[in-house]
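To keep things clear, I will list the structure first and then write my remarks on it.
Coordinate-derived values only; no laboratory data. These numbers come from a predicted model, not from an experiment. Counting neighbours? That spans all protein chains shown, and the Cβs are built from the backbone with ideal geometry, glycine included.
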Amino acid sequence: MRIYSSLSREVEPLRTLEPGHVRMYVCGMTVYDYCHIGHARAMLTFDVVYRTLLEKGYKVTYVRNHTDVDDKIIARAIENGEEPLVLSERFIAALDEDLARLGLLLPSEQPKVSENIPQIIDLVGALIERGHAYAADGDVYFAVETYEAYGKLSGKRLADLRAGERVDVDSRKRHPGDFALWKAAKPSEVAWQSPWGPGRPGWHIECSAMSMRYLGPGFDIHGGGIDLIFPHHENEIAQSECGTGHHPYARIWMHNGHLTMGETKMSKSIGNVVRIRDILDAVPAEALRLLYLESHYRGPLPYSNDRLTDAIVALDRLYHAKELVEELEAQGSGPALAELLRDQKAEIGEVVELVRGFEARFMAAMDDDFNTAAAITLLHELVRALNRYGNNKKLVKKAHALAAPAARCFALAGRVLGLGGLSSEAWYQQVRQRRLLALGKSEAEVQALVDARLAARAGKDWAAADALRVGLDALGVVLMDGPTGTRWRMKVD
RNA sequence: GGCGAUGUACCCAAGUGGCCAAAGGGGCGGGUUUGCAAAACCCGUAUUCACCGGUUCGAAUCCGGUCGUCGCCUCCA
């Protein structure tokens, strides 16, 4: 398993602190609003990391936090006339729902800032004691000049930071780069009692405190969006390593690239956001997952509706192949795989080879810094071979032995990528329902028209049958006549 | 100004020294199949990897330069 680390700036082997056990912390969300599909990319990236590690047999302790105490939350709560923690609780529930719909596995722990205040206060106290932090008027600041390695993650040097250029420098700071560990509460703000007076944690300290609580002073992987490298992660390293004296804090730093709309990143401050829930109302979660996983997690991800449609089309084809596998499985046993290989038919040999080599090649792609695009290519190759084979009705009757191993390939992709794990019927049903809903049509309504056409066909009244089909086409319904009957589905565009 | 990415076909995208006269998906064109369709499958669609120069027996992949785009340096996944 090789992973690119932003800290070393190279791909390095995963060497866990404890054999067979990966400890991973990922920066979660600041919950003051619904999450958008850019956030979804970050969450999905580390979901796939988690799934891959589990598949490889690691024990994984995966911690992802909810930041529920923060300036923006307070500001929003004041706007709403709502208690900050009530507001954040509401959005945590919404986030949980969105991520569940996206098919994300639950992390081992999901700590909240509000439930880790004592740990934070202890850490701030330790930093003061060790001479890395100082109190000023109820605030506590980290003194960046006391940490010689400051800047090692982001590559920034203190002298280069143009502090004060965009934000006024607080005169209480000893160095413009010093950052708040603890903020004195303004009257009527949420506050906790501390040795420095009532206040709340600064932005970065919570991740240090929560990761240490669940993972210890040093752990294996720390993840988050690329925009967090500076200042968030840089500061997290400084306060953690200075607070415990243990280094390195995290051994591998992973950062996912941004999702972009056109050329610019999606961001709440820019206002070009699309909510997770709105997309998931319109398309199945796997479509979004496929779109994301087709690009490497570290690069930018250009989002567009066209690409989302492309993904649905590709998944339709994938589930067409899976349907064949399901049919073969239902038909029971046939000749053994080895026997199939002796068959001279090229179609069989090819599928057998692909199926047999699938798991090793798939996992090799994932081992290479999570090359999901390469893994998906293998899935596409398998799908094409399966479909080609499925077109040959004579061959299909002979090769039931293929069914179980082919099904295992889909199951593997389902476990690791969250793609291809559904039954074909469940997939088609999802696409149908969402389109039907969008069009305000009912399934029964469509089915009646399909049945009427079927009757016309049975009487070889081609003119009537075609007229009905044209009508259905206008509704966005595509018909597929097969040997076992007529199936239909909704057009995606 | 500093730091960091990135530029591969109509679109998306993998590949970072020889297996590349460059995967895979979408699109488009042609074909098989079909009552006609749809789906599936087959064939085609980059002698070329932003541009210029260099290293090498050999480069999309390494080095130098130029141009373009994006991100961070303030809150941000």
Any aspartates and glutamates with Cα under 13 Å of the A:K398 Cα? List them, leaving off those in the same chain fewer than 8 positions away. A:E327, A:E329, A:E339, A:D343, A:E347
Which translational diffusion coefficient, to the nearest whole µm²/s, is obtained for chain A from the Stokes-Einstein equation, given a Kirkwood hydrodynamic radius over C-alpha pairs, 10 °C and 1.306 mPa s? 62 µm²/s
At a threshold of 8 angstrom on Cα-Cα distance, excluding pairs fewer than six apart, so keeping six or more, what relative contact order does chain A reach in percent? 15 percent
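What ranking do A:I221, A:I229 get, fewest neighbouring Cβ atoms within 10 angstrom at the top?
A:I229, A:I221
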Give me A:T484, A:T52 sorted ascending by neighbouring Cβ count inside 10 Å, so fewest comes first. A:T484, A:T52
Give the angle, between 0 and 90 degrees and rounded to the nearest 10, that separates the Cα long axis of helix A:205-215 from the longest principal axis of the Cα atoms of chain A. 60 degrees
Divide, for the stretch A:305-425, the radius of gyration over alpha carbons by 2.2 N^0.38 Å, where N is the residue count. 1.05
A chain fully extended from A:A374 to A:R415 at 0.36 nm per residue, minus the present Cα-Cα distance, gains in nm 13.1 nm
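Percent antiparallel among DSSP beta bridges with both residues in chain A, to the nearest 5?
Of all bridge pairs located within chain A, approximately 50 percent are antiparallel.
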Nearest-ten-degree value, helix A:37-55 long axis tilted from longest Cα axis of chain A: 80 degrees
Which of A:L437, A:L259 has the fewest other C-beta atoms within 10 Å, and how do the rest follow up to the most? A:L437, A:L259
Any chance you could list the semi-axes, whole Å, largest first, of the equivalent ellipsoid that the Cα gyration tensor gives for the stretch A:2-279, using √(5λ)? 27, 24, 19
Two-decimal log10 I(q)/I(0) for the stretch A:1-87, as the Debye equation yields it once each C-alpha is a single scatterer, q = 0.20 Å⁻¹: -0.97
